[in-house]
Amino acid sequence: MSKFIFVVGGVMSGVGKGVACATIGRLLKGKGYKVSAIKVDPYINVDAGTMNPTEHGEVFVTEDGDETDQDIGNYERFLDTNILSTNYMTTGRVYQSVIEKERNLEYGGKCVEVVPHIPEEIIRRITKATRDTESDIMMVEIGGTVGEYQSVLFLEAARMMKMQNSHDVQFILVSYLPVPSKVGEMKTKPTQYAIRTLNSVGIQPDFVLCRSEKPLDDVRKEKIGIQGNIFPDHIISAPDVGSIYEIPINFNREHVAEKLLKVFGWATRPDAPGIGDWEKLNNVILKAEDEVKIGIVGKYFRTGEFVLSDSYISVIEAVKHACWHFEKKPVIEWINSETYEEDPQKLIELQKYDGVIIPGGFGSRGIEGKIKAIQYLRENNIPFLGLCYGLQLATIEFARNKCGIMDATSTEIDKNAPNQVIHIMPEQIENIEQGKYGSTMRLGSWPCTLAEDSKSFAAYGQKDITERHRHRYEVNNEYRPRLEENGLKFAGTSPDGKLVEIIEVPDHPFFVACQFHPEFKSRPTKGHPLFNSFIKAAMDKETKLPLI
Ligand code: GLN
């Protein structure tokens, strides 16, 4: 019989509910149990794919091609396991299947109602994901904050599950305790109200995780316990930390996993792996002093840098993992590509980085600046890693400056241009013409065959790999001979050779760009092969300019 742990948020969003959920999952895994995690997003969108990055942050892509919330990425990184589409659910998805079933007469002529049919569909999905992943314990994170209308039906489903199997279901409230600067003390009242709000939908939290700037003291623990009807022992202090990777260590100190298991009547398994690998990782993070300076040339979103970094969270994490792999300290800086359009003199500043990444992206704003940056990196032997759009722009740059096709571009930038070296896949043309954008990209895991004399092959140490994709456009095969003649290496292609997956410039310390997103498969305790070799090349770079 599987167990379920629901993680809900109180007081406000953005306090690390996803990481808390992933952390607890990791600790339970350390106790020898098979753990998986589900993310519930209460919005109507069927997936995160159609949302603007400023609305949603990163769209995380799963092996089976789902476009999900970035928390799925946290689950994968912390649990070191692939999470599939069955583990992601939105209100839109739930309603869509209920409506489809109704249309197919699967409700046998009954009146189909919001309650109980919507919560029943939610329970069906949770149960199916648990069965499919053969999990002993399923973590279920309900997005948003208790008290919001849109999460009510998910909470109702959770309540029904608890009612049916009271010993198999627990609730964790991740709350926030402010320390107002004028008052100077930590306030528990918002958390007390959050508990009551949860009570009002028939749910009593078993645990409260208290997020705050500072650790929680005993006085406040007692207050929350008495007011909220919770064992003081189940009120967990979760102060801010320097790195999210410290959280498992902190929660472990508070014996969170043991306490949860005790409520289920379970114990640590004799063959439990523990969390030794995380302790080792944290030692590296704390001790690493030698810096590797990586620049990421991106587009500047109006809402500011914070959102920009949220939109590239997997890239940032992958850089960190690879640096830690070599026991180095990552230093990551953002560069707004439009700066180079306004003032190409600024390109020289790229010299201060040990390596530069051009990440994925969409649309035409900031493109010329990115292309100028790529040219500079190529001509000045600065290690470069291009991801998805990064490959497409590197191909355009090479076509322009090495093959003399000065008007080379992508269909995405100019659909009437004569030289579209990056173009739309023929199968996608129809979708675009009909205005169908949701789920119409090349998505999920695709195989790739590497050329044995390439840097990529040296990085992976094998010929056949699979990586995750999320894009609509591809290298136009008509231009391949000309690009190749001028020195561009097609280091990886689809097994049938038709799709370009990796390009390299051989006579360069490290100029590698891939059509896929390796960042989605990077894990903290290992690092991804391509990122690892990029960082190695960055470490070997001789600094030509003093760091500014
Ligand atoms: N805009 C490009 C495409 O759709 C690249 C997408 C990306 O970088 N994820 O093909």
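Numbers for the structure displayed
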{"item": "Flag for MET161 being among the hydrophobic types (A, V, I, L, M, F, W, C), over 23 Å from SER13 (Cα atoms) and in contact with a strand residue (DSSP E or B) (Cβ under 8 Å, 6 or more places away or on another chain)", "result": "yes"}
{"item": "Leading residue by the ranking (nearest to ILE405 (Cα to Cα)) among those in the range 452-480 that are among the acidic types (Asp, Glu) and not in a helix (DSSP H, G or I)", "result": "GLU474"}
{"item": "Pair list, Cβ < 7 Å and 6+ apart or interchain, from the range 209-224 residues that are touching a residue at least 60 places away in the same chain (Cβ under 8 Å) to residues that are open to solvent by 20 Å² or more (accessible area, probe 1.4 Å) and not in a helix (DSSP H, G or I)", "result": "ARG211/GLY16; ARG211/TYR176"}
{"item": "Long-range neighbours under 8 Å by Cβ, at least six apart or interchain, first residue among the hydrophobic types (A, V, I, L, M, F, W, C) within the range 95-122, second open to solvent by 90 Å² or more (accessible area, probe 1.4 Å) and not in a loop (DSSP other than H, G, I, E, B)", "result": "none"}
{"item": "Among (1) closer than 25 Å to ALA322 by Cα; (2) open to solvent by 50 Å² or more (accessible area, probe 1.4 Å); (3) not aromatic (Phe, Trp, Tyr) - the single one ASP71 does not satisfy", "result": "(2)"}
{"item": "Residue count for the range 180-192, restricted to those that are open to solvent by less than 40 Å² (accessible area, probe 1.4 Å) and within 22 Å of GLY147 (Cα to Cα)", "result": "3"}
{"item": "Which numbered condition LEU483 misses (of (1) part of a helix (DSSP H, G or I); (2) within 16 Å of the ligand (Cβ to nearest atom); (3) of a type in the set (A, V, I, L, M); (4) closer than 27 Å to GLY404 by Cβ)", "result": "(2)"}
{"item": "Filter result (closer than 25 Å to ARG253 by Cβ and surrounded by fewer than 23 Cβ atoms within 10 Å (Cβ to Cβ)) within the range 27-68", "result": "GLY30, LYS31, GLY32, TYR33, LYS34"}
{"item": "Restricting the range 499-510 to residues that are away from the ligand (no atom under 16 Å from the Cβ) and assigned to a loop (DSSP other than H, G, I, E, B), the residue that is surrounded by the fewest Cβ atoms within 10 Å (Cβ to Cβ)", "result": "ASP507"}
{"item": "Residue list for the range 256-276, filter: within 27 Å of the chain's Cα centre (by Cα) and either surrounded by 16 or more Cβ atoms within 10 Å (Cβ to Cβ) or closer than 16 Å to ASP206 by Cβ (or both)", "result": "VAL256, ALA257, LEU260, ILE275"}
{"item": "Residue in the range 517-540 that is outside any helix (DSSP H, G or I), aliphatic (A, V, I, L, M) and at pLDDT 95 or above present", "result": "no"}
{"item": "Single residue of ALA491, ALA513 found to be within 16 Å of the ligand (Cβ to nearest atom), part of a strand (DSSP E or B) and of a type in the set (A, V, I, L, M, F, W, C)", "result": "ALA513"}
{"item": "Selection status of ILE429, part of a loop (DSSP other than H, G, I, E, B), β-branched (Val, Ile, Thr) and farther than 29 Å from VAL319 by Cβ", "result": "no"}
{"item": "Check on GLU333, open to solvent by 20 Å² or more (accessible area, probe 1.4 Å) and away from the ligand (no atom under 16 Å from the Cβ)", "result": "yes"}
{"item": "Among the candidates LEU216, LEU198, LEU173, LEU209, residue that is assigned to a loop (DSSP other than H, G, I, E, B) and open to solvent by less than 30 Å² (accessible area, probe 1.4 Å)", "result": "LEU216"}
{"item": "Of all residues in the range 353-366 being under 24 Å from the mean Cα position of the chain (by Cα) and buried (at least 18 other Cβ atoms within 10 Å of the Cβ), the one that is farthest from the ligand (Cβ to nearest atom)", "result": "GLY355"}
{"item": "Residue satisfying condition, being within 16 Å of CYS514 (Cβ to Cβ) and out of contact with any Pro (no Cβ under 6 Å at 6 or more places or on another chain), within set GLY369, GLY360", "result": "GLY360"}
{"item": "1 or more residues of a type in the set (A, V, I, L, M, F, W, C) and more than 19 Å from ILE316 (Cβ to Cβ): qualifying helices (runs of 4 or more DSSP H) within the range 1-104", "result": "17-30, 70-79, 91-103"}
{"item": "Qualifying position, being modelled with pLDDT of 95 or more, open to solvent by less than 30 Å² (accessible area, probe 1.4 Å) and among the basic types (Lys, Arg), among ARG480, ARG400, ARG468", "result": "ARG468"}
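The rows are residues; the columns are (1) outside any helix (DSSP H, G or I); (2) free of Cβ contacts under 8 Å to residues at least 60 places away in the same chain.
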residue	(1), (2)
ASN252	no, no
GLU258	no, no
GLU289	yes, yes
ILE296	yes, no
GLU317	no, no
PRO330	yes, yes
ILE348	no, no
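Rundown of residues vs (1) away from the ligand (no atom under 16 Å from the Cβ); (2) over 25 Å from the mean Cα position of the chain (by Cα); (3) assigned to a loop (DSSP other than H, G, I, E, B), yes/no style:
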site	(1), (2), (3)
GLN351	yes, yes, no
ILE371	no, yes, no
ILE374	no, yes, no
GLY386	no, no, no
GLY390	no, no, no
ALA394	no, no, no
GLY404	yes, yes, yes
VAL421	no, yes, no
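The values are calculated or read from the model by the stated rules, or taken from the named source; none is laboratory data. Remember, it's a predicted structure, so these values are computed and weren't measured experimentally. Because the Cβ atoms are built from the backbone with ideal geometry, glycine has one as well, and the counts that use them run over all protein chains shown. The area values use the complete protein model at the heavy-atom level, side chains included, leaving out ligands, DNA and RNA. Shrake-Rupley method; radii C 1.70, N 1.55, O 1.52, S 1.80 Å.
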